[in-house]
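The values are calculated or read from the model by the stated rules, or taken from the named source; none is laboratory data. Please read all numbers here as calculations on a predicted model, not as lab measurements. Here the Cβ positions follow ideal geometry from the backbone for every residue, glycine too, while neighbour counts run over all protein chains shown. Remember, those area values only see protein heavy atoms, side chains included, never the ligands or the DNA or RNA. Shrake-Rupley method; radii C 1.70, N 1.55, O 1.52, S 1.80 Å.
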Amino acid sequence: MPTYVIGGKRIQTEQTLSDTQIEEIASDLGVSAQPQPTEQEVAAAPSSGFLMGLKDPISGGAQLLERVLPQPIVNQVNRLNQVLADYGLVSPLPAGGVNEMVRQEEAAYQAGRAARGEEGFDVGRLGGNVASGILPGAAATRIAGTGLRGAGVAGGATAALQPVTTGTEEDFAAEKAKQVSAGAVFGAGGQKLFQATGSALNPLLSKAEQTMRDLNIKGTIGQKLGEPAKALEEFAQNLPIVGTAIQNQREKVLYDFNKGVINKALDKINLKLPADAIGRDAVQFATDRVDEAYDEVLSKMSFTLTPTVSSDILNALNKANIPSPAQRQTVESILNSIVLDKFPASGVVSGQMLKGIESDLRKQAAGYLSSSTQNERTVGDALQLVLRELKKNIYDQNQKLTPQLRRIDSAYGDLAVMKMAAANTGAQSGVFTPKQYQQAVRQADKSRAKARFAEGRARGQKEAEAALEMIGETPGAV
């Protein structure tokens, strides 16, 4: 009974299929109909999985060399191959070069497997892969060091020599990057090994990955599987062809991290970044949208300086326990100039005027809180308490708008952290790394002695630390 391998699937038929029938079956399967190997090609292919596994690194290495060597040298080698083929000493290269030769050999081998009735996971080929990888793997381990990191690098070195048997010429780099990142020499078992060792050494990884997933950040294979696989990816970034592809993958994850934390803020006003917004453009877009949302709410607001408001402000000053008359006088002078003096005789201000009052008071409080002297930080604490009471009264007087106001205030707080991160030295075009974001989180924490940051409760800290855990300090970090 004739047996065909179409799109990696073994198909037996009652009759010999024509090329048209094979193309129709391939179309139904959603795959490309590659030419079927001849009986001679099947007979010439390795007759066991172990032999094919031994040959894989040779084929994969030839594919890499064809792309790494200068074109004139490749042309000379091809001419030499043609001369030897004319004398019957070697088989001539097909029109597609080494890449097509490897594809044809893979098709012939799979057809042979199908004819022998072999199905499922190719254990023999895996054994040949492992056996063939002992020497390059040992060399890479010697270079990289022993232990899990060495094992990961060894896996990457051997995986780099695995042949690419599917896809177009344009897909080669991407497919090779996937092989190296996953440690293809180990197959599915290797990924499980990385996952198990990564989880054992770093129990925070799965929690960090979940936090990143909540921000729609998937991460590369190495970033998701932990330190051994990260070491493999770091090694692979230095390889020809695949290095650029892996670097691009990690750069995309960095962009996704930036977008994720910005979108988390925008989600509070039911908006999202445009797909092409990144860096300073993304931060500016988010700032403009939050400002617009705030202005819209302010247009519907008003605020009255009632006796209750005045009493609450006075109580906030008393709670501040300002130690000296001079410090209290400083606080009262600030409150008079930027808050109380702004109210007209009616005691009523518009939402837009209220925005300016609140903004000025927040800036004054932040300035004193960041001072190096204890006396000035005490003034900052007092101003912050007054601001808190003022906000409470604003919410009380505009209760229908309170839920919306709280979301906007929270979005502003998130944006303040992002702006600090985007302004940090080294944030190229406003794109910040996990480390820069963590530094901004700490910088934005105005609690005494950075208490909230020390306790893990600072704004954005959960996302910053999860990104550091999974992504690393920079896109290429391990």
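From the alpha carbon centroid of segment 294-315 to that of segment 377-444 is 20 Å. Based on protein heavy atoms only, segment 326-455 ends up with 49 Å² per residue of surface accessible to a 1.4 Å probe.
Tell me, what is the FRET efficiency for Glu251 and Thr425 to the nearest 0.05, using R0 = 25 angstrom and their Cβ-Cβ distance as r? Here the calculated transfer efficiency is 0.80. Once the Cα-Cα distance is subtracted from the 0.36 nm per residue extended length, the Ala454 to Gln329 segment shows a gain of 41.7 nm.
Taking 0.36 nm per residue of separation and subtracting the current Cα-Cα distance, fully stretching the chain between Glu376 and Asp288 would add 28.4 nm.
Between amide H atoms placed 1.01 Å from N, distances below 5 Å from Val431 occur with Arg280, all of them 5 or more places distant or on a separate chain. Placing a pseudo-label 7 Å from each Cα along the Cα-to-Cβ vector at Ser310 and Ala275 gives an inter-label distance of 5.9 nm.
Assuming R0 = 30 Å, can you tell me the calculated FRET efficiency for the pair Tyr395 and Asp341, based on Cβ-Cβ distance, to the nearest 0.05?
So, using R0 = 30 Å, E works out to roughly 0.80.
Summing +1 for each Lys or Arg and -1 for each Asp or Glu among the other residues whose beta-carbon sits under 14 angstrom from that of Arg125 gives -3. How far apart, in nm, are the 7 Å Cα→Cβ label points at Asp295 and Lys207? Computed distance between label sites Asp295 and Lys207 equals 4.3 nm.
Charged neighbours of Met212, selected by a Cβ distance under 14 Å, balance to +3 (K, R count +1; D, E count -1). In sequence order, segment 396-403 has phi-based couplings of 4, 7, 9, 4, 5, 9, 4, x Hz under the Karplus curve 6.51 cos²θ - 1.76 cosθ + 1.60, θ = phi - 60°, and Gly or Pro positions carry x.
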